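S.K.: For reference, the structure I am asking about is given below.
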Amino acid sequence: MISEPAAIQVEAVSYAYGERPALRDVSFQVESQEIFGLLGPNGSGKTTLFRLLCTLLPIQSGQASLAQADVATAPEAVRRKIGITFQAPSLDDRLTVRENLKHHGHLYGLRGSELSQRIAELLEHVGLSDRINETVSKLSGGMKRRVEIAKGLLHRPEVLLLDEPSTGLDPGARHDLWRYLHRLRDEQRVTVLVTTHLMEEAERCDRLAILNHGELVALETPERLRSSIGGDCITIQTDDNELLRKKLADQFQIEATPIGPQLRIERENGHELIRDLVAAFPEEIESISLGKPTLEDVFIQKTGHRFWESEDVE
Amino acid sequence: MSSTSSFSNSCLAVFSLTQREIVRFLRQRTRVVGALGQPVIFWILFGAGLYGSFQPPEWASADMTYQEYFFPGVAVMILLFTAIFSTISIIEDRREGFLQGVLVSPVPRSVIVFGKLLGGTVLAVGQAVIFLIFGFCLHGVGLAPEIHLDLTVLDWCQVLLFMCLLGMTLTALGYVIAWPMSSTQGFHAIMSVFLLPMWLLSGAIFPVGASGWLSWVMWLNPLTYGVACLRRLMYAGAISSNAVGLPTLGTSLIVTSLFGVVCLILATYFTARRSSLNTR
């Protein structure tokens with residue numbers, strides 16, 4: 001099979017706001033018809049990267065292209081091929097849903113009955129057909145977001161960029177959104193790039209790039225990322241962590257990591273180890289649990305700190 | 001894409017943005033009332049208050065009242081303030097997020113500028129026309145003296161066309177001022193230290209003197225030429241071309257157009273620059 005050219009190509013991109021660096025030497029590729037996630041805490045640089053890709057910020061160093069058009073030198077070609085859903089709304093509150101979509105269509109050269117048809121079609125997809133004449137200010141946050149998504153798709157973009165799309169969505173609506181994104185990928189062959197700080201969303205991407213302090217720290221499928229951690233995570237609760245840690249090292253040659261009031265062990269076939277541990281230390285262990293590693297575990301391992309402890313880039 | 005279809009796409013986008021600008025304005029009732037009410041009140045009150053102390057300039061007929069002198073000045077005030085205020089919406093658009101949606105669309109940056117300018121111009125000229133009609137009607141109810149204009153339909157068309165040019169120029173000026181601002185408070189400061197004096201020193205409210213530093217400031221003020229041009233067109237040739245303190249029609253047209261073009265180029269340049277100012 002001949003592979004299609006990459007939908008998004010980011011090559012050694014760095015960016016700084018004045019003296020403050022926000023991205024450092026980030027490179028990756030997003031394949032065509034892939035749902036690609038940029039995962040990172042607030043301040044990790046993912047929104048900066050998003051803004052560079054959607055041509056709002058100037059490329060300072062490195063190179064980026066979308067749908068084979070260079071972001072720095074051919075912004076109009078890029079703009080024509082991408083659809084964007086911003087984190088902050090980009091709708092005019094005083095206009096109706098139809099008016100907002102109509103003006104947007106006009107900016108992309110759509111007009112007349114073709115445009116009306118497209119608006120009706122997309123509002124049906126996002127379940128807002130009955131709100132077409134409603135003023136945007138009267139819609140709920142979740143509905144506005146759905147209009148926003150319809151707006152991003154109006155001109156049939158090849159690549160859809162979404163910045164924190166589920167901000168303000170309840171779990172049900174979030175679920176619907178992701179089902180819709182998967183449908184877009186499968187039926188309309190759209191490539192999707194989505195930034196998120198939610199592990200649950202990251203799980204649903206085909207591939208993930210994890211950003212931390214403006215640097216790319218991991219790039220893989222969610223499953224591979226999780227399995228890179230070495231099987232299972234065993235968490236042990238004891239009276240005296242230090243004592244048990246020494247005993248584990250002596251008797252089992254196991255390196256346990258203290259995290260908060262607990263000890264953590266990463267291990268293949270954790271269920272077998274648990275059996276042995278419980279047999280060996282019936283007195284010391286108060287509780288013990290076995291879990292599959294989560295993306296948060298991956299983040300901890302890759303960056304050496306917990307997801308939420310990470311602050312803005314200095 | 002062929003160049004004709006990309007031109008028609010650009011026109012479509014300009015008209016769409018213009019239409020939005022007008023619809024937004026009309027949906028804000030208070031803006032409609034404020035934009036017309038204040039100049040009319042100014043006109044009546046100043047006219048009544050300065051009635052006795054006004055001396056018509058050399059080029060005017062001796063029986064010109066202050067209110068009549070002030071009449072084109074108020075029209076320019078309406079053009080200036082509506083045009084400028086309509087560009088405050090740039091700051092609102094940016095804050096509300098609408099602007100970034102427009103900036104990531106494939107339209108040429110000049111389309112974004114023209115959409116805004118055309119919207120502002122239509123609003124400004126529309127209100128100035130309403131004021132002109134209203135001004136004539138006020139005479140009927142005794143709130144204003146008679147205004148001695150003797151114009152043909154063609155003369156009125158010239159007045160209208162020039163008001164469009166001036167409206168466009170002033171909206172472009174507003175665009176250039178509003179674009180780099182992140183808050184509307186800053187805009188209000190510019191308004192009182194720059195735009196209001198610009199109008200006061202344009203010959204709109206008192207004639208340009210023959211000498212002195214004030215007359216120099218007035219000659220350097222681009223709006224002086226806008227006011228002069230409107231005056232000359234409204235008196236259709238009745239004012240002599242070498243009248244003291246009033247630039248000629250040709251000079252006025254050239255200065256107004258040039259000023260407009262400079263603002264337009266700056267506006268397009270600002271809009272084309274990618275900057276973190278436009279993100280939110």
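S.K.: Per-residue mean of other chain beta-carbon atoms within 10 angstrom of the beta-carbon, peptide B:94-100?
M.R.: 5
S.K.: Another question about this same structure. Of the listed peptides A:216-223, A:54-61, what is their order by residue-averaged count of other C-beta atoms within 10 Å, with the highest listed first?
M.R.: A:54-61, A:216-223
S.K.: Can you give me the convex hull volume of the Cα atoms of the protein assembly as shown, divided per residue and expressed in Å³? Before the final figure, lay out each step's value.
M.R.: Values: hull volume 124.4 nm³, N = 594.
Measuring per residue, one finds 209 Å³ for the Cα hull of the protein assembly as shown.
S.K.: Placing +1 on the Cβ of each Lys and Arg and -1 on the Cβ of each Asp and Glu in the protein assembly as shown, which of B:Met234, A:Gly40, A:Thr73 has its Cα farthest towards the positive end of the resulting dipole?
M.R.: Ranked along the dipole, the leading option is B:Met234.
S.K.: Same structure again: Counting only helical runs of four or more DSSP H residues, what would the 222 nm mean residue ellipticity of the protein assembly as shown come to if each run contributes -39,500 (n - 2.57) and the total is spread over all its residues?
M.R.: Calculated from helices alone, the mean residue ellipticity at 222 nm is -17000 deg cm²/dmol.
S.K.: Treat the count of other C-beta atoms within 10 Å as a stand-in for reagent exposure and order B:Cys229, B:Cys137, B:Cys164, B:Cys263 from fewest to most.
M.R.: The most exposed by this proxy come first: B:Cys137, B:Cys164, B:Cys263, B:Cys229.
S.K.: Taking a ≥ b ≥ c as the square roots of the Cα gyration tensor eigenvalues, with a/c under 1.5 meaning rounded and otherwise prolate when a/b beats b/c, else oblate, which class fits the range A:114-268?
M.R.: prolate
S.K.: Could you grab the Rg to Rh ratio for the range B:149-229? Cα atoms only, Kirkwood for Rh.
M.R.: 1.06
S.K.: Which of rounded, prolate or oblate describes the range B:103-216 when judged by the alpha-carbon gyration tensor and an a/c cut-off of 1.5?
M.R.: Oblate is the answer for the range B:103-216, as a/c is 1.5 or above yet b/c matches or exceeds a/b.
S.K.: Antiparallel as a % of all DSSP beta bridges within the protein assembly as shown, to the nearest 5?
M.R.: Numbers: 35 of 53 bridges.
Expressed as a percentage, antiparallel bridges in the protein assembly as shown total about 65.
S.K.: Across the Cα atoms of the range A:8-226, what radius of gyration and what greatest pairwise Cα-Cα distance (Dmax) are found, in Å?
M.R.: When restricted to Cα atoms, the range A:8-226 yields Rg and Dmax of 17.1, 50 Å.
S.K.: Set Lys and Arg Cβ to +1 and Asp and Glu Cβ to -1, take the dipole of chain B about its Cα centre, and tell me which of B:Ser215, B:Phe42, B:Leu195 lies farthest positive.
M.R.: The one lying farthest along the dipole's positive direction is B:Leu195.
S.K.: Now a separate question. Would you mind classifying the range A:1-111 by shape? Square roots of the alpha carbon gyration tensor eigenvalues, ordered a ≥ b ≥ c; an a/c under 1.5 is rounded, otherwise it is prolate if a/b is larger than b/c and oblate if not.
M.R.: On the way: a/c = 1.91, a/b = 1.33, b/c = 1.44.
It comes out oblate by the Cα gyration axes.
S.K.: Restricting things to Cα coordinates, could you compute the convex hull volume per residue of the range A:158-214 in Å³?
M.R.: 87
S.K.: Under a crude label model (7 Å from the Cα following the beta-carbon direction), how far is B:Leu196 from A:Glu187 in nanometres?
M.R.: Taking the two extended label points, one gets 5.9 nm.
S.K.: Follow-up question, since we're still on this one. So how many Å³ per residue does the convex hull of the Cα atoms of chain B work out to?
M.R.: Convex hull volume per residue, Cα atoms: 143 Å³.
S.K.: Output the relative contact order of the range B:1-147, whole-number percent, from Cα pairs under 8 angstrom with separation of 6+ residues.
M.R.: So the answer I get is 36 percent.
S.K.: Share of Cα-Cα pairs in the range A:230-292 beyond 20 Å, in percent? It would help to have the intermediate numbers written out before the result.
M.R.: Values: 229 of 1953 pairs.
Result for the distance tail: 12 percent.
S.K.: Here is a further query. Place a +1 charge on the Cβ of each Lys and Arg in the protein assembly as shown and a -1 charge on the Cβ of each Asp and Glu, then give the dipole magnitude about the Cα centre in debye, rounded to the nearest 20.
M.R.: Using Cβ point charges on Lys, Arg, Asp and Glu, the protein assembly as shown gives about 2080 debye.
S.K.: Also, quick follow-up: In percent, how large is the relative contact order of the range B:17-278, given Cα pairs closer than 8 Å and 6 or more residues apart?
M.R.: With pairs under 8 Å counted, the relative contact order is 25 percent.
S.K.: Kirkwood Rh, Cα Rg: Rg to Rh for the range B:83-149?
M.R.: Taking Rg over the Kirkwood Rh, I get 1.26.
S.K.: Given a cut-off of under 8 Å on Cα pairs at least six residues apart, what relative contact order in percent is computed for chain A?
M.R.: 21
S.K.: Next question. What net charge do the residues around A:Glu124 carry, taking every other residue with its C-beta under 14 Å from that of A:Glu124, with Lys and Arg at +1 and Asp and Glu at -1?
M.R.: Residues close to A:Glu124 contribute a combined charge of +2.
S.K.: Let me ask another. Go through A:Lys102/B:Lys116; A:Lys102/A:Lys144; A:Lys81/A:Lys151; A:Lys46/A:Lys144 and tell me which ones have a Cα-Cα distance over 19 Å in this structure.
M.R.: Where the Cα-Cα span goes over 19 Å, the pairs concerned are A:Lys46/A:Lys144.
S.K.: Moving on to the next point. Read phi for every residue in the range B:104-109 and hand back ³J(HN,Hα) as whole Hz from Karplus 6.51 cos²θ - 1.76 cosθ + 1.60, θ = phi - 60°, with x for Gly and Pro.
M.R.: Values, residue by residue: 8, 7, x, 5, x, 4 Hz.
All of the numbers you see were taken from the coordinates with simple rules; none came from a lab. Everything numeric in this text was worked out from a predicted model, so none of it was measured. Virtual Cβ from ideal backbone geometry, glycine too; neighbours counted across all protein chains shown.
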